[in-house]
Structure formats: C-alpha cells, structure tokens
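Single-structure report; data block below.
Derivation of every value follows stated rules applied to the coordinates shown; laboratory data play no part. The shown structure was predicted, so the numbers you read here are calculated from the model rather than taken from an experiment. Positions of Cβ are generated from backbone atoms using ideal geometry, with glycine treated the same way; all protein chains shown enter the neighbour counts.
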Amino acid sequence: MSNCIFCRIVEGSIPSVRIGENDAAVAFMDIRPIQPGHALVIPRRHVENVIDMEPAEYDDVMRLVHQIGRAIDAEWKPPKVGLAVIGFDVPHAHVHVLPLIKTSDITSGRILDGTLQMAPVEELQRTGALLRQRLV
Ligand SMILES: [Zn+2]
C-alpha cells in the first residue's frame, strides 16, 4: 500500500536504519525508542494484524525478532528483552523488540501516547550498527 509508511520503508522510498531482513520480514530501528536499541520487525507484505500473516511469514518475522532480541541482549545486557504487538499507530503489523529496564518501559502507554521523543538519526545509526554486528 503506497500510503502505508511501513510499506514505503520496505520499498526503500522512506529511509530507515535497517538492521536485518529475511524472505518475508524486515527489521529497522524505531525512530521513537523507549530505550536505545528499540527495533521493529515487520512483514514485507502489508497486513494489518499479526494474525493476518500466513504461517510462513509469521515464522520469518518471529525468527528475525528472535535474532534481534538476542543481539539486544548481547549488546546492552538489559534485565529483560521485551516484545510487544500493539498496532494502533501504524496499520501494518509490527513487533516491537526492545531492552526493558523496568516493567513500565512497555506498559506505560508512552509507546502510544505520542510523548516519546524522536531520536537523532545519528543515534539510530549508532545503535543499529551495534545490533547489526551482533546478528548471527
Ligand atoms: Zn503496509
């Protein structure tokens, strides 16, 4: 869908700090990170909800989520690596993968209420490069 920001990121017509991909999934840094290292993993195909994915797409998305999560854990050694699927903001299925320092990092509503600050692109490139080198 040409009016979907995540489809345009997949196509490359909107820039992103891409950190990984496979046949059906793409991972890039969230521009409004809750914590440094906050990434998004999305299916290449436009589907609104994660349950709309075909099983093989879901497997590719979750395999990339697993790789990114392990890279986050290796790089920042947070108390937890959290996953969240919400999706009220952008109607293209996406999985948040991020270091969790405290429970409220992912439950506070900051992820949706618009109070998260955009990170400078240099910071996203720096944290994205750290994750890319950790991917195996
Ligand atoms: Zn889309």
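Which is the longest run of the chain containing none of the trypsin sites (Lys or Arg not before Pro) found in DSSP loop states (not H, G, I, E, B) with at most 16 other C-beta atoms within 10 Å? Show your work: numbers first, answer last.
Working: sites that count: R45, K102, R110.
Looking at the chain, 46-101 is the longest stretch - no exposed trypsin sites (Lys or Arg not before Pro) with at most 16 other Cβ atoms within 10 Å.
Taking amide H as placed 1.01 Å from N in the peptide plane, V26 has its amide H under 5 Å from the amide H of I42, R44, each at least 5 places away in sequence or on another chain.
Computed from phi, the 3J(HN,Hα) profile of segment 124-136 under the Karplus parametrisation 6.51, -1.76, 1.60 (θ = phi - 60°) reads 5, 5, 5, 5, x, 5, 4, 5, 4, 6, 8, 5, 10 Hz, with x in place of Gly and Pro. Largest GNM mean-square fluctuation among V97, V50, V26, using the chain with Cα springs under 10 Å: V50.
Evaluate the relative contact order of the chain (contact order divided by residue number), counting alpha-carbon pairs under 8 angstrom at least 6 apart; express in whole percent.
Numbers: 239 pairs, mean separation 40.4, N = 136.
It comes to 30 percent, rounded to a whole number.
From its DSSP helices (H runs of at least four residues, each -39,500 (n - 2.57)), the chain gives a residue-normalised ellipticity at 222 nm of -10500 deg cm²/dmol.
Ranking I51, I19 by Cβ neighbours within 10 Å, fewest first, what do you get?
Working: I51 9, I19 27.
Ascending Cβ contact count within 10 Å gives the list I51, I19.
3J(HN,Hα) along segment 55-68: x, 5, 5, 4, 4, 5, 4, 6, 5, 5, 4, 4, 5, 5 Hz, from the Karplus curve 6.51 cos²θ - 1.76 cosθ + 1.60 with θ = phi - 60°, whole Hz, x for Gly and Pro.
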